[in-house]
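A short write-up of the structure that comes next.
The values are calculated or read from the model by the stated rules, or taken from the named source; none is laboratory data. Not measured: the values here are computed from a predicted model. Cβ placement follows ideal geometry from the backbone for every residue including glycine, while neighbour counts extend to all protein chains displayed. Calculation scope for accessible area: heavy atoms of the full protein, side chains included, ligands and nucleic acids excluded. Shrake-Rupley method; radii C 1.70, N 1.55, O 1.52, S 1.80 Å.
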Amino acid sequence: MFESSEKSRVFGLPPGADFPAELVAGVLSRMEGRPPESLARVTVLVNTRRMQRRLKALFSLGPARLLPRIGLVTDLDPLLPGTDLPTPISALRRRLELTSLVSKLLELDPSIAPRAASADLADSLAALMDEMQGEGVHADTLMNLDVSDQSGHWARSLRFLSIVHQYATATSGARLDPEALRRLMAEKLVARWADKPPEHPVIIAGSTGSRATTSLLMQAAAKLPLGAVVLPGFDFDMPAQVWRSLLDPSVSPLGSEDHPQYRFADLLTRLGIGPGDVGNWGKPAERQHRNELISLSL
């Protein structure tokens, strides 16, 4: 399905392309002339159930054929058969436990917030924990942040955020939140791929890598002998100097993470390749000149 390459294998589809349709067309064209069962051995991982349903519908059109295995990057159980994984703690139980900790803190220091806000503050802490676990950030990192704040506001905020450290320390190794479990599964899958690469094509498509766990999977898939990543809305016309500036702190001291191509630049850097190494998954854009103009204007 793919030509042998020493570089990580990354493709893209330009902005404005019908991503699901172009993805399906690219898979079918690359499998043309192969035995019918070959398509059933292809694994495609996408980031939403909506995309999953659309791809299944598109593959089902036309002549009768076996379908590839279409899964989600957030549901890796089918790719880890025989792996003993812990049962994640329920969201309700975590919310109640965090609410209890918040209530105790507000009793000791009512200046932080009124007692009636306990549940809402617990939800905020739960969202923060999900983000930290997905990004692979340990709770100790939060406590070691050095933020200059003469007013003492950060010190008061840190006292509240210390609940995250307290909760994570108390439950370390005993229970995993769903986001922590997803991270663990991704790490196990990446390790399995490194030890024994799949003998069938593996494609991760439609993800930008904005989540660290997904980015970890994308980097691993791009390096597989039969793996590939297909990026959505990739700007093939953006000048090289603009690509370099996205990750250059001297150009943008506050960072360029709000740029639509930033995540792609970061992913390519981690893979040791450049924008010129990204292949076009589909046919050339019908409105190429319009794309070039829009790219230049932005």
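What is the residue count in the range 1-19 for residues that are under 24 Å from D235 (Cβ atoms), touching a residue at least 60 places away in the same chain (Cβ under 8 Å) and open to solvent by less than 70 Å² (accessible area, probe 1.4 Å)?
Residues in the range 1-19 being under 24 Å from D235 (Cβ atoms), touching a residue at least 60 places away in the same chain (Cβ under 8 Å) and open to solvent by less than 70 Å² (accessible area, probe 1.4 Å): 11 in total.
Check E97 against each of (1) farther than 21 Å from S210 by Cβ; (2) in contact (Cβ under 8 Å) with a residue 40 or more places away in the chain; (3) not in a helix (DSSP H, G or I) and name the one condition it does not meet.
Among (1) farther than 21 Å from S210 by Cβ; (2) in contact (Cβ under 8 Å) with a residue 40 or more places away in the chain; (3) not in a helix (DSSP H, G or I), E97 violates only (3).
So the check is Cβ under 7 Å with 6+ separation or different chains; which pairs have a first residue in the range 21-37 that's surrounded by 15 or more Cβ atoms within 10 Å (Cβ to Cβ) and a second one that's charged (D, E, K, R)?
none
Check R95 against each of (1) open to solvent by 70 Å² or more (accessible area, probe 1.4 Å); (2) under 30 Å from R192 (Cβ atoms) and name the one condition it does not meet.
Every listed condition holds for R95 apart from (2).
Looking only at residues that are surrounded by 14 or more Cβ atoms within 10 Å (Cβ to Cβ) and more than 17 Å from R182 (Cα to Cα) in the range 125-155, which one is modelled with the highest pLDDT?
L125
Every residue in the range 1-19 that is in contact with a strand residue (DSSP E or B) (Cβ under 9 Å, 6 or more places away or on another chain) and either among the aliphatic types (A, V, I, L, M) or at pLDDT 95 or above (or both), please.
Residues of the range 1-19 that are in contact with a strand residue (DSSP E or B) (Cβ under 9 Å, 6 or more places away or on another chain), as a first pass: 1-2, 8-14, 19.
Selection gives M1, S8, R9, V10, F11, G12, L13, F19.
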